[in-house]
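Have a look at the structure below, then the notes.
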Amino acid sequence: MAQPHTDDAGPAGPRLLALSDLHVSHAENREIVEALQPGTPEDWLIVAGDVAETVADIESTLRLLRGRFAEVVWVPGNHDLWTVRHDDVRLRGVERYEHLVARCREIGVHTPEDPFPVWEGAGGPVTVAPLFTLYDYSFHPPGTDNKEDGLAYAHGTGVVCTDEFLLHPDPYPTREAWCAARIDYSERRLSEVSGPTVLVDHYPLVRHPTDILRYPEFAQWCGTVRTADWHTKYDAVAVVYGHLHIPRITHQDGVRFQEVSLGYPREWRRRPAPQYRIHTVLPAS
């Protein structure tokens, strides 16, 4: 198997790196993640969600990475928040998220609930802001303009996110209500930051990255229109996200949006070499 490496040769100094959608329940992905190494002892790693479906796998993976990188910053993905039958931890919704935050704190991993760390390396100083926003079904599928019609469209095509069955919003009545609370909380925290930021979320903060989805109805599980101006409002030099399993760089309003997914083996096998990438966020190439 080819060895993991970064997406470019990189500078001699430390880098702010990122990867998401590790999905280590797949043996081939686990092998890739276990082989990840920093380029320098001062490298930071952003993990933008979807590490695994069980708490044990999430914790062991983050613990491994924290032992290798100078700092690790984690945000939850939807898979991390699923309550699956084969997980010994049966917590749901907010309690599950808070349990994961507590585990991260025990091993020294930054979360959306902690003080935002400041990257002082090349391209800095920049505040790295891990966020957890969820989605509110406002990325409506073609020909729809509300959640009910959007979900009906998705059920009609058979493209329905597993979140509908495994991602519970408890104690909130709906996932969009949880999303609304997370947006309010994140805005309060971001308003206290001065200077440039790197915004990190599992979901893209704007809709345009979802325009190339093979199944456009999936976009409704990919974010919220309420974050559409955050990249300019909060002085972002980059927005780091995953979830779409389409690693690439796009720009909006002059801001770099980096999708940093590893994805499922059936997906990364189709990509041209180099196959296994840790993406460099700073310094920008």
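The values are calculated or read from the model by the stated rules, or taken from the named source; none is laboratory data. Note that the coordinates shown come from a computational prediction; the quantities given were computed from them, not determined experimentally. Every residue, glycine as well, gets a Cβ built from its backbone with ideal geometry; the counts of neighbours run over all protein chains shown.
If we scan the range 171-178, do we find a residue that is of a type in the set (Gly, Ala, Ser) and under 18 Å from the mean Cα position of the chain (by Cα)?
Checked against the condition, which is being of a type in the set (Gly, Ala, Ser) and under 18 Å from the mean Cα position of the chain (by Cα), the range 171-178 yields no hits at all.
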Quiz item: Looking at the range 84-98, is at least one residue surrounded by 19 or more Cβ atoms within 10 Å (Cβ to Cβ), closer than 22 Å to ALA284 by Cα and of a type outside the set (Gly, Ala, Ser)?
Solution: no
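Listed here are the residues, each with its yes/no results for (1) of a type outside the set (Asp, Glu); (2) within 25 Å of VAL72 (Cα to Cα); (3) modelled with pLDDT of 95 or more.
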residue	(1), (2), (3)
GLY143	yes, no, no
LEU151	yes, no, yes
ASP163	no, no, yes
PRO173	yes, no, yes
SER186	yes, yes, yes
THR210	yes, no, yes
THR224	yes, no, yes
THR227	yes, yes, yes
HIS231	yes, yes, yes
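How about the range 249-266: which of its residues are among the charged types (D, E, K, R) and at pLDDT 95 or above?
ASP253, ARG256, GLU259
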Quiz item: Looking at this structure, is PHE116 of a type in the set (Phe, Trp, Tyr), surrounded by 14 or more Cβ atoms within 10 Å (Cβ to Cβ) and out of contact with any helix residue (DSSP H, G or I) (no Cβ under 7 Å at 6 or more places or on another chain)?
Solution: yes
Quiz item: modelled with pLDDT under 95, hydroxyl-bearing (Ser, Thr, Tyr) and closer than 17 Å to LEU262 by Cβ, is that true of THR61?
Solution: no
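Say whether the condition of being in a strand (DSSP E or B), within 17 Å of the chain's Cα centre (by Cα) and hydrophobic (A, V, I, L, M, F, W, C) is met by at least one residue in the range 201-224.
No.
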Practice problem: Consider VAL55 carefully, then state whether it is β-branched (Val, Ile, Thr) and surrounded by 21 or more Cβ atoms within 10 Å (Cβ to Cβ). | Solution: no
Quiz item: Inside the range 230-285, counting only strands (runs of 3 or more DSSP E) that do not spill past its ends, which hold 2 or more residues that are surrounded by fewer than 21 Cβ atoms within 10 Å (Cβ to Cβ) and over 17 Å from the mean Cα position of the chain (by Cα)?
Solution: 248-252
Practice problem: Look through VAL72, VAL55, VAL89, VAL51 and report the one residue that is among the β-branched types (Val, Ile, Thr) and farther than 30 Å from GLN220 by Cβ. | Solution: VAL72
Quiz item: Do we find a residue being within 20 Å of ASP43 (Cα to Cα), modelled with pLDDT of 95 or more and exposed (fewer than 14 other Cβ atoms within 10 Å of the Cβ) anywhere in the range 102-110?
Solution: yes
Quiz item: What about VAL72, is it closer than 13 Å to ARG103 by Cβ and under 14 Å from the mean Cα position of the chain (by Cα)?
Solution: yes
